[in-house]
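Participant: I have a structure I would like to understand better, so I am pasting it below and will then ask my questions one at a time.
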Amino acid sequence: MVGRAFGLRRPAPALVDRIHRRVDRMFEAGLVEETRRLLELGLERNRVAMQAIGYRQVTEHLRGIRGYRDTVELVKARTRQFAKRQRTWFEGQLDLEWLEIPSESDAATLAETLARRIQDQSR
């Protein structure tokens, strides 16, 4: 028996809101200081790490290329762009059954929805 793969989608406004809140929490939790410490340890010599969303933009902020608020907004924009590229890739590469996740849905509700869908398919 071949299993079915599911893709989960949130409405765009809910996804953007979640991305923005996550980026805000990353900065509040000390992303700038973390980046500063990593730079002291040689972060810039690691080309892969310097491509990570957040580190590159914060490094540019620490060099004086842009201010703090503009850096936060740029990280949000880059994260939104990355999320869109991921979704596009999954839609084009994999045969997924897409499920729309309501904005207010929690993990337990989502798990129940998936379990019902799988059960329905096995009948």
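Participant: Taking the beta-carbon count within 10 Å as an exposure proxy, list V72, V58 from fewest neighbours to most. Don't skip to the answer; put the middle values down first.
Facilitator: Details: V72 21, V58 24.
Ranking V72, V58 by Cβ neighbours within 10 Å, fewest first, gives V72, V58.
Participant: Here's another thing I want to ask about it. What is the set of long-range amide H partners of L99 at a cut-off below 5 Å, with H atoms built 1.01 Å from backbone N?
Facilitator: Those lying under 5 Å, H to H, from L99 are G7, L8, R9.
Participant: Let me ask something else about it. Using label points projected 7 Å from each Cα along Cα→Cβ, tell me how many nm separate W89 and L41, to one decimal.
Facilitator: Result: 2.6 nm between the two label points.
Participant: Turning to a different aspect of this structure: Through the Karplus equation 6.51 cos²θ - 1.76 cosθ + 1.60, θ set to phi - 60°, convert the phi angles of region 54-61 into ³J(HN,Hα) values in whole Hz; use x for Gly and Pro.
Facilitator: Running phi through 6.51 cos²θ - 1.76 cosθ + 1.60 with θ = phi - 60° gives x, 4, 4, 5, 5, 4, 5, 4 Hz.
Participant: So if I take the centroid of the Cα atoms in region 80-123 and the same for region 1-56, what is the distance between those two points in Å?
Facilitator: A separation of 21 Å, based on Cα centres.
Participant: Once phi is turned into θ = phi - 60°, what whole-Hz ³J(HN,Hα) does the Karplus curve with 6.51, -1.76 and 1.60 give for every residue of region 10-21, x standing for Gly and Pro?
Facilitator: Karplus values, whole Hz, x for Gly and Pro: 9, x, 3, x, 5, 5, 4, 4, 5, 4, 4, 5.
Participant: Would you kindly state how much longer the chain becomes between I118 and L99 on full extension, computed as 0.36 nm times their sequence separation minus their alpha carbon distance, in nm to one decimal?
Facilitator: Contour length minus the Cα-Cα distance gives 5.6 nm.
Participant: Still on this structure, please answer the following. Between R63 and V16, what is 0.36 nm times their sequence separation minus the Cα-Cα distance? Round to one decimal in nm.
Facilitator: 14.1 nm
Participant: A further question on this structure: Explain nothing, just the number: dipole magnitude of region 11-94 about its Cα centre with +1 on each Lys and Arg Cβ and -1 on each Asp and Glu Cβ, in debye rounded to the nearest 20.
Facilitator: Dipole size: approximately 220 debye.
Participant: Mind checking which of L110, Q57, T79 is farthest towards the positive end of region 31-123's charge dipole, using Cβ charges of +1 (Lys, Arg) and -1 (Asp, Glu) about the Cα centre?
Facilitator: Ranked along the dipole, the leading option is Q57.
Participant: Hey, in the GNM for the chain with a 10 angstrom Cα cutoff, which one of A12, A108, A29 fluctuates hardest?
Facilitator: Comparing A12, A108, A29 in a Gaussian network model of the chain, the most mobile one is A108.
None of the figures in this text is laboratory data; all of them are computed from the coordinates on show. What you see is a predicted model; the values in this text were computed from it and never measured. Positions of Cβ are generated from backbone atoms using ideal geometry, with glycine treated the same way; all protein chains shown enter the neighbour counts.
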